[in-house]
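Heads up: the structure comes next, in structure tokens.
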Amino acid sequence: VIADIGTGCGGIAVTLAKHLPRARVIATDLSPEAVDLARENAVRHGVADRIDFRVGSLLEPVTETLDLLAANLPYIDDKDWPYLQKTIRGHEPKMAFLGGPDGLDLMRAMLKDAPRVVKAGGLILMEIGAYQGDDVSAIAQPHFPSAQITVKPDYAGLDRLVVVDVK
């Protein structure tokens, strides 16, 4: 059982459903419009019948026990918003980018609730900003004290993914 939290257009949920045909995928987003778009994309790729779309905040709509929690939550800090390229700011709603004063508000909230739904032996994968790896790892640690937490770089060598291997 997989959950894609903050699914947006559904790219992660649709890809996982397409490549893991035995998986049950849950896709959540706070925006009903985003959930509608994700559902349209799932139909386009032939996996809509394998994804359970839910509107709600972070893990609130999830009651199942998860093997994998994937999240690409907004992580831009409020002060950086005016400096994002207009080509980026012009194509997505502001709420899809802003994560609070330090960019980590939504990750804090999700990680606080994650022990309720992620089973031992499960994984949490979170896309992060280029310099947020240590901070997100520190946020995750108290909620998953036995977990192995690693930060993976992108091809430019910048922090991009936090992996929490729940023990």
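When you scan region 84-91, do you find a residue that is touching a residue at least 24 places away in the same chain (Cβ under 8 Å) and either under 18 Å from Val162 (Cβ atoms) or not in a helix (DSSP H, G or I) (or both), even just one? Among the residues of region 84-91, not one is touching a residue at least 24 places away in the same chain (Cβ under 8 Å) and either under 18 Å from Val162 (Cβ atoms) or not in a helix (DSSP H, G or I) (or both), which makes the answer no.
Exactly one residue out of Ala38, Ala27, Ala42 is of a type in the set (A, V, I, L, M) and either assigned to a loop (DSSP other than H, G, I, E, B) or closer than 17 Å to Val118 by Cβ (or both): that is Ala27.
Pairing each residue of region 37-66 that is over 13 Å from Arg24 (Cβ atoms) with any residue that is aromatic (Phe, Trp, Tyr) and surrounded by 15 or more Cβ atoms within 10 Å (Cβ to Cβ), provided the two are 6+ apart or on different chains, yields C-beta distances under 8 Å for Ala38/Phe53; Arg39/Phe53; Ala42/Phe53.
Residues in region 85-118 that are modelled with pLDDT under 95, over 16 Å from Tyr131 (Cα atoms) and either of a type in the set (A, V, I, L, M, F, W, C) or open to solvent by less than 70 Å² (accessible area, probe 1.4 Å) (or both): Ile88, Arg89, Gly90, Met95, Ala96. Within region 71-95, restricting attention to residues that are of a type in the set (A, V, I, L, M) and over 16 Å from the mean Cα position of the chain (by Cα), the residue that is nearest to Thr28 (Cα to Cα) is Ile88.
Residue pairs whose Cβ atoms lie under 9 Å apart, sitting 6 or more positions apart in sequence or on different chains, and linking a residue in region 117-141 that is farther than 19 Å from Glu60 by Cα to a partner that is at pLDDT below 95 and aliphatic (A, V, I, L, M), are Gly129/Ile76. In the condition set (1) exposed (fewer than 15 other Cβ atoms within 10 Å of the Cβ); (2) more than 22 Å from Phe144 (Cα to Cα); (3) in contact (Cβ under 8 Å) with a residue 60 or more places away in the chain, Gly8 is compliant with all but (1). Quick check on region 99-118. Is at least one of its residues closer than 24 Å to Thr15 by Cβ and in a loop (DSSP other than H, G, I, E, B)? Yes, that holds for at least one residue.
Quick one: count up the residues across region 128-167 that are assigned to a strand (DSSP E or B), surrounded by fewer than 19 Cβ atoms within 10 Å (Cβ to Cβ) and of a type outside the set (Val, Ile, Thr). Total satisfying the criteria: 6.
The values are calculated or read from the model by the stated rules, or taken from the named source; none is laboratory data. Note that the structure is predicted; figures quoted are calculated from it, not measured. Counting neighbours? That spans all protein chains shown, and the Cβs are built from the backbone with ideal geometry, glycine included. With ligands, DNA and RNA removed, areas are computed over all heavy atoms of the protein, side chains included. Shrake-Rupley method; radii C 1.70, N 1.55, O 1.52, S 1.80 Å.
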